[in-house]
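Since every read-out is calculated from the coordinates, none of them should be taken as a lab result. As the structure is a computational prediction, the values presented were derived from the model and not from experiment. Here the Cβ positions follow ideal geometry from the backbone for every residue, glycine too, while neighbour counts run over all protein chains shown.
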Amino acid sequence: MQKQDIKMVVIGGSAGSLPVVMSLLEALPETFSFTVVIVIHRSKNVLSEMDKLLSHIRNVPNVHEPDDKEPILAHRVYLAPQNYHLLIETNKTFSLDYSEPISFSRPSIDVTFESVAQVYAQQTVGILLSGANTDGTKGVSEVIRHGGIGIVQDPNTAEYPVMPHAALLQNQAALCLPTSHITTFLKQLNDNI
Amino acid sequence: MVVKIGMDTEYRLTEVELEEIIQLILQKYGYDFRNYARTSLTRRIARCMNIANLKTLYELKYNLINESSFFTWFLETLTVNVTEMFRDPLFYKDLREKVLPALASYPIIKIWHAGCATGEEVFSMSILLHEAGLLNRAKLYATDLNPANLERARKGIISMEQIKDYTLNYIQSGGKNDFSTYYTAHYQSAIIRKEFRSNILFAQHNLAVDQVFNEFQLICCRNVMIYFNRELQNHVFRLFYNSLSPKGYLAIGIKESLLFTDVKEQFESVSAAARIYRRKN
Ligand SMILES: C[S@@+](CC[C@H](N)C(=O)[O-])C[C@H]1O[C@@H](n2cnc3c(N)ncnc32)[C@H](O)[C@@H]1O
């Protein structure tokens with residue numbers, strides 16, 4: 001597995017992905033020099049405190065929902081806010097977009113992955129997890145097309161295999177890894193710096 | 001390998017191409033998109049091209065130059081027009097509890113909804129004012145860049161499909177009445193009752209180029225400035241500052257912030273969670 005100078009790890013998940021996201025965050029070492037952006041589908045009109053849930057993890061800096069125009073920092077974990085698409089500008093700030101849902105999703109994993117890939121190119125790792133729809137397939141191809149690394153949770157280990165399965169079908173270059181290997185991968189990313 | 005999945009295999013303009021289109025629109029039609037946030041603007045143009053089935057930049061330019069009816073459609077489709085009644089119910093709850101009681105001391109209450117889209121937000125405000133007993137003293141100005149939005153807003157039409165969500169939002173915002181008394185239902189759509197629209201003036205106003213036009217006690221500009229870059233945001237915040245009476249209120253979207261702007265010292269926070277601010281003097 002080739003190692004690159006990774007600046008951005010973007011994680012997308014839907015149904016069944018929350019426990020996996022938790023264990024990925026737990027695996028992050030105390031210091032890491034990249035940025036983590038998480039996009040998880042949530043139901044629309046339920047007030048969600050997922051940022052608090054995810055923040056309850058040892059070692060990891062608070063998971064934070066960025067405001068519009070907020071600068072992107074290293075060693076931070078960001079969570080896409082409910083009901084907005086999360087985009088990234090070339091000057092490395094977030095911008096939010098309250099436009100139509102895409103594939104019934106807002107935030108859309110595809111939209112954030114594509115936007116990250118355009119700005120961070122080969123410095124990107126895109127990780128797609130469990131889910132019951134096909135959001136993220138296009139996003140993983142965009143990450144790979146821009147020279148980044150695409151990782152898809154092994155559908156056999158996913159609570160809902162539809163999403164990782166769809167992404168693997170369309171992306172031969174994506175790495176298909178069980179959760180434990182994804183955490184090892186994240187740890188190594190950091191060792192390499 | 002490029003795979004076609006769903007709707008999203010769209011033409012992506014390069015930065016140079018985007019610049020060309022922005023200039024073309026500015027020169028020919030006078031709409032200024034130069035200071036819009038680039039990423040979303042690029043996506044919106046791609047979306048327009050996709051819907052109109054335009055495959056190349058040349059086709060887009062050809063249509064923009066030669067078909068003014070195409071431009072009308074393009075402009076309507078380019079801006080993000082998504083809106084809801086009582087969106088972010090906790091925002092409306094804070095308006096009820098923290099802002100309206102203060103506005104009650106003014107003989108005439110002037111409120112500006114900048115970027116009102118199809119009116120759902122200003123209709124919600126009108127209902128709040130009614131429930132606070134202030135509607136007969138209120139003048140609501142609702143403006144938008146997009147004429148098609150204003151046309152729909154003037155008719156008072158709201159989507160029947162979303163009535164359930166709106167009713168839920170209304171209740172969460174602290175509404176105690178039967179929400180269905182505020183509209184008359186038809187088959188596909190509902191219409192906000194006339195008495196909750198008669199105090200509203202809908203007009204075209206472009207935040208990027210147009211001036212101050214009145215003095216307000218409250219300005220709502222929610223989910224509009226997220227499409228602007230920081231420079232244009234600063235410009236619009238100054239416009240709002242100059243359009244507010246001393247101690248006037250400013251409400252922005254729940255994920256927007258004054259923190260990254262030039263005016264942050266000139267406002268104080270009224271509700272941090274609902275992003276309601278107040279002009280300092
Ligand atoms: C997402 S809608 C927001 C609607 C409503 N305020 C809400 O939060 O539900 C954004 C609106 O801003 C309008 N808009 C975009 N650029 C504008 C400008 N320069 N001046 C005025 N309105 C603008 C669009 O036409 C659109 O109706």
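How big is the gap, in Å, between the Cα center of segment A:162-193 and the Cα center of segment B:81-154?
Using only Cα atoms, the two centres lie 48 Å from each other.
Hey, with R₀ at 30 Å, roughly what FRET efficiency would A:Ala74 and B:Asp32 work out to, going by the Cβ-Cβ distance, to 0.05? Walk me through the numbers on the way to the answer.
On the way: r = 35 Å, r/R0 = 1.17.
E(calc), rounded to 0.05, equals 0.30.
Neighbouring Cβ atoms within 10 Å as the yardstick, rank A:Met22, A:Met50, B:Met125, A:Met8 fewest first. Could the numbers behind the result be given before it?
Numbers: A:Met22 14, A:Met50 18, B:Met125 27, A:Met8 23.
In order of increasing Cβ crowding within 10 Å: A:Met22, A:Met50, A:Met8, B:Met125.
Other chains' Cβ within 10 Å of A:87-98 residues: what's the mean?
Working: counts 7, 1, 6, 3, 3, 0, 5, 3, 9, 9, 10, 14.
Averaged over the peptide's residues, the number is 6.
Measure off 7 Å from each Cα along the Cα-to-Cβ vector at B:Ile108 and B:Glu19, then give the distance between these two points in nanometres to one decimal.
About 4.8 nm separates the two model spin labels.
Determine the relative contact order of chain B: mean sequence separation of Cα pairs under 8 Å and six or more apart, normalised by residue count, in whole percent. Mind dumping the intermediate values first?
Numbers: 411 pairs, mean separation 49.4, N = 281.
The normalised contact order for chain B reaches 18 percent.
Could you identify which residue out of B:Ala114, B:Ala185, B:Ala142 has the top mean-square fluctuation in a GNM of chain B using Cα springs shorter than 10 Å?
B:Ala185
At q = 0.11, 0.14, 0.15 Å⁻¹, what is the base-10 log of I(q)/I(0) for chain B according to the Debye formula with one equal point scatterer per Cα and no solvent? Please give it to two decimals.
Normalising to I(0) and taking log10 leaves -0.68, -1.05, -1.17.
To the nearest whole number, what is the average tally of beta carbon atoms from other chains within 10 Å of the beta carbons of peptide A:129-142? Working shown, then result.
Working: counts 0, 0, 0, 0, 0, 2, 2, 0, 4, 7, 2, 0, 4, 2.
Across the residues of A:129-142, the mean count of other-chain Cβ atoms within 10 Å is 2.
So between B:Lys55 and B:Leu201, what do we pick up on full extension, going 0.36 nm a residue minus the alpha carbon distance? Each step should come with its number before you reach the end.
Working: separation 146, 0.36 × 146 = 52.56 nm, distance 4.02 nm.
Result: 48.5 nm gained on full extension.
In nm, what is the difference between 0.36 nm times the number of residues separating B:Met160 and B:Ser68 and their Cα-Cα distance?
Details: separation 92, 0.36 × 92 = 33.12 nm, distance 3.25 nm.
Answer, rounded to one decimal: 29.9 nm.
Take peptides A:60-68, B:83-91, A:170-178 and line them up by average Cβ neighbours within 10 Å, highest first, as a rough protection proxy.
Numbers: A:60-68: 19.6, B:83-91: 21.9, A:170-178: 16.6.
Packing order, densest peptide first, comes out as B:83-91, A:60-68, A:170-178.
Figure the gain on full extension for B:Ala272 and B:Ser180 (residue separation times 0.36 nm, minus the Cα-Cα span) and round it to one decimal in nm. Don't jump to the answer; show the numbers that get you there.
Numbers: separation 92, 0.36 × 92 = 33.12 nm, distance 3.14 nm.
Full extension from B:Ala272 to B:Ser180 adds 30.0 nm.
Project the alpha carbons of the protein assembly as shown onto their principal axes and report the range along each, largest first, in whole Å.
Dimensions of the protein assembly as shown along the principal axes of its Cα atoms: 70, 55, 48 Å.
Which of A:Asn62, B:Leu90, B:Phe202 sits farthest toward the positive end of the charge dipole of the protein assembly as shown, with +1 on the Cβ of Lys and Arg and -1 on the Cβ of Asp and Glu?
Highest projection toward the positive end goes to B:Phe202.
Arrange A:Ile40, B:Ile25, B:Ile171 by Cβ neighbour counts within 10 Å, fewest through most, would you?
On the way: A:Ile40 22, B:Ile25 19, B:Ile171 14.
With the sparsest Cβ surroundings first, the list reads B:Ile171, B:Ile25, A:Ile40.
Where a Cα-Cα gap under 16 Å defines reach, which aspartates and glutamates qualify for B:Lys139, not counting those fewer than 8 residues away within the same chain?
B:Glu121, B:Glu131, B:Glu195, B:Glu215
How many Cβ atoms of partner chains, on average, are near each residue of B:214-224 if near means within 10 Å of its Cβ? Mind dumping the intermediate values first?
Values: counts 0, 0, 0, 0, 0, 0, 0, 0, 1, 7, 1.
Neighbouring Cβ atoms belonging to other protein chains average 1 per residue here.
Which far-off residues, 5 or more places away or on another chain, put their amide H under 5 Å from the one on A:Ile38, with H placed in the peptide plane?
So A:Ile38 has HN proximity to A:Ile11, A:Tyr78, A:Leu79, A:Ala80.
At a Cα cut-off below 15 Å, give the aspartates and glutamates reachable from A:Lys138, other chains included and same-chain residues fewer than 8 away excluded.
Partners found: A:Asp110, A:Glu114, B:Asp8, B:Glu10.
Could you work out how far apart the two model spin labels at A:Gln172 and B:Asn281 are, taking each label as a point 7 Å from the Cα in the direction of the beta carbon, and quote it in nm?
Each label point is offset 7 Å from its Cα along the Cβ direction, giving 7.1 nm.
How do A:Glu142, B:Glu265 rank when sorted from fewest to most other Cβ atoms within 10 Å of their own Cβ? If you can, show how the numbers build up before the last one.
Working: A:Glu142 24, B:Glu265 9.
Result, fewest neighbours first: B:Glu265, A:Glu142.
Suppose every Lys and Arg Cβ carries +1 and every Asp and Glu Cβ carries -1, with no other charges. What dipole size does segment A:8-192 come out with about its Cα centre, to the nearest 20 debye?
Using Cβ point charges on Lys, Arg, Asp and Glu, segment A:8-192 gives about 160 debye.
At what distance in nm do the modelled label points of A:Phe104 and B:Glu97 sit from each other, each positioned 7 Å from its Cα along Cα→Cβ?
3.5 nm
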